[in-house]
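The block underneath contains the structure these notes are about, expressed in structure tokens.
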Amino acid sequence: MARIKPQALLNQSKRKKGPARISATTIFLCNLVVVVIVLSLVATYKHWSQRSRNQPASGLSTFKDTANSLTESKKYDLPGYAILNTSKGYITVELYKDGSPMIVDNFLDLCQKEYFKGLPFHHVIKHYVIQAGHGQGLGAAEDWTTKGKLHSRLATSPKHEAFMIGTSKTKDSTGFELFITTAPIPDLNDKLLVFGRTVKGEDVVQEIEEVDTDEHYRPKSPVVINGVTLKHEI
């Protein structure tokens, strides 16, 4: 058997123990995999982060939509008519739910509390207004008669016509004063907050208008509201 020379054995040992070289292609592929993994993690984080931010907003939007739907439903469910049972007969009033929602809400609430039961028409001004309420001072209405006995012949809007129902704009008035006009009042918007109109019972309004009054426009014989019935339709 041929003997291997010591120098050859040394060279062979070095070749076996030397580190294996990694090719450039392998290094590139490893780096590419790492980059792909990092980008995937970043994209996933952004996706869940964006979703978590949008979720409360979506919930709030849904809540607002639900609240608006409930408000519209409530408005739709409110009675649209009030029937005043007076000692002279019945007066049916159409309520302006859309045009005067706050006043209508207040009026309906008072009706349910029977605020108007037994309420007197305490001032009657012929060819002008009839007024019901707890107050005994005529206030603004008396001022209307001194300044506006001669009504303007100018064209009037529907809100200025006869048989409109409203309440006083006076801030210091006690309780809820109810006015029903018996003639067109061109400057009505300066006097009243109109929230409805008479659709039946105009003859009853005129009958109340014709009652005898004293010099302060107070009826000599009591005329009262016996009660109010609320209706969705008539």
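Quick notes on this structure:
- Single unsatisfied condition, residue 195 versus (1) part of a helix (DSSP H, G or I); (2) of a type outside the set (A, V, I, L, M); (3) over 18 Å from residue 120 (Cα atoms): (1)
- Those residues of segment 81-114 which are assigned to a loop (DSSP other than H, G, I, E, B) and open to solvent by 50 Å² or more (accessible area, probe 1.4 Å), in sequence order: 87, 88, 96, 98, 99, 113, 114
- Test for residue 203: is it of a type in the set (D, E, K, R), farther than 18 Å from residue 104 by Cβ, at pLDDT 85 or above and open to solvent by 20 Å² or more (accessible area, probe 1.4 Å): yes
- Top-ranked residue in segment 188-198 [being over 20 Å from residue 105 (Cβ atoms) and surrounded by fewer than 19 Cβ atoms within 10 Å (Cβ to Cβ); ranked as modelled with the lowest pLDDT]: 189
The values are calculated or read from the model by the stated rules, or taken from the named source; none is laboratory data. Bear in mind that the values here come from a model prediction, so they are computed numbers and not experimental data. Cβ atoms come from the backbone with ideal geometry, glycine included; neighbour counts cover every protein chain shown. Remember, those area values only see protein heavy atoms, side chains included, never the ligands or the DNA or RNA. Shrake-Rupley method; radii C 1.70, N 1.55, O 1.52, S 1.80 Å.
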